[in-house]
Amino acid sequence: MRKFLLSLFVILFFSCQNEPQVSTPKFLRIAGKTMGTTYHITYEDELGRDFKKQVDSILVEINQAVSTYIPDSEISIFNKSEKGKLIGIGEHFKNVLLNSEIVHTEANGYFDPTVMPLVNYWGFGYTAKKPVLQVDSLAIDSIQNFVGWENIIYGDAIDELNDTLISPFIKILSKNYSNTQLDFSANAKGYGVDVIFNFFQEKNSKNYLVEIGGELRTSGKNAKGKTWTTAINTPKVNAQLNDYEAIIKVKNKAIATSGNYRNFHEVNGEWYGHEINPKTGFPEKSNLLSVTIMADDCMSADAYATAMMVMGLEKSKVLVEKLNNIDAFFIFANEAGELETFYTKGFAGTIVE
């Protein structure tokens, strides 16, 4: 489920098809680094205000909550804690945790942030990046004892002396096993997009696009007065970054894409992708190569894209039909090894080419 620090797909966004985006006095662009990747924001502001410092500050705050690469982040403190120890978590951690619980339930356990120990075992986590030279099924079985949403205990922070709620923004988290760990790489970037999106909404901006590591969300129109568009990349190892399968319009929606082809290990001729199936403990292998999700919020789009990559094509088709305000664009390999696409009705009207 590793999606946090490396963008699996570079999603290109354009002001309109075949036309370069031109800044106007009202539209500004800011960019920077965060979450092991980059962010790009284009926004309209009548006053020409530069919000980069505020954006960077918000992103640092989010990272301090949910980045496993920061030793003293909230999630790192939890991951290193002993079983039964109560850990206080703030608003950002709480929001990502609650979204994870919802997607975990809807996806029948195929989405599970407690997969972190397995992600580290396979060499895609915050530990040393190295491929597994010899797969040990017994070791994987042992690690799976600590994987499972039921091993997470979550509740309100209560002042026991007065039996009152300490704060609605602080929650308490603990775990059943010391080796249980969380990994929010599958929805943290999407959450970051949503938080920054809301920041610009609060600044009364009507037209803007927020993108972090390829996950994005739009509002209104671009500088050309057109609906924002983005490209879905071709899911091939040797594909160029500007190779795409479709260009789609993104009108007041969020988009996230997941796949395995840019983040994998090859060991003794075996190919191991970074999307770990929490039910088996192994990287998932299927003919499903890429999942792009369109949703009202980017955190959900991010999480469901990962869940469906793990579930495979047929299970994902069933799931997406059950979900409200979620649409999917699947790219898969047919029996001849050729790329094919399948998309839901909600995607049909968004495809430009």
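The values are calculated or read from the model by the stated rules, or taken from the named source; none is laboratory data. All of these numbers come straight from a predicted model, not from anything done at the bench. Because the Cβ atoms are built from the backbone with ideal geometry, glycine has one as well, and the counts that use them run over all protein chains shown.
Please work out if PHE78 is of a type in the set (Phe, Trp, Tyr), assigned to a loop (DSSP other than H, G, I, E, B) and either touching a Pro at 6+ places or on another chain (Cβ under 7 Å) or modelled with pLDDT of 95 or more (or both).
Spelling it out, it is not the case that PHE78 is of a type in the set (Phe, Trp, Tyr), assigned to a loop (DSSP other than H, G, I, E, B) and either touching a Pro at 6+ places or on another chain (Cβ under 7 Å) or modelled with pLDDT of 95 or more (or both).
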Hey, any hits in the range 245-259 for a residue that's outside any strand (DSSP E or B), among the hydrophobic types (A, V, I, L, M, F, W, C) and at pLDDT 90 or above? yes
For the range 284-310, what are the residues that are surrounded by fewer than 24 Cβ atoms within 10 Å (Cβ to Cβ) and under 22 Å from PHE124 (Cα atoms)? GLU284, LYS285, SER286, ASN287, LEU289
Cβ-Cβ distance below 9 Å, separation of 6 or more or different chains: which pairs start in the range 50-65 with a residue that is over 12 Å from ALA188 (Cα atoms) and end on one that is among the acidic types (Asp, Glu) and surrounded by 18 or more Cβ atoms within 10 Å (Cβ to Cβ)? PHE51/ASP45
Of all residues being among the small types (Gly, Ala, Ser) and closer than 15 Å to LYS253 by Cα in the range 306-350, which is nearest to the chain's Cα centre (by Cα)? Just the residue, please. ALA328
Is it the case that the range 227-234 has a residue that's buried (at least 24 other Cβ atoms within 10 Å of the Cβ), at pLDDT 90 or above and assigned to a loop (DSSP other than H, G, I, E, B)? yes
Single condition GLY88 does not satisfy, out of (1) modelled with pLDDT under 95; (2) assigned to a loop (DSSP other than H, G, I, E, B); (3) not assigned by TED's automatic domain parsing to the domain that holds ILE293: (2)
Within the range 1-38, restricting attention to residues that are under 30 Å from MET116 (Cα atoms) and touching a helix residue (DSSP H, G or I) at 6+ places or on another chain (Cβ under 7 Å), which residue is modelled with the lowest pLDDT? PHE4
In the range 51-75, anything in a loop (DSSP other than H, G, I, E, B) and aliphatic (A, V, I, L, M) is listed as ILE70
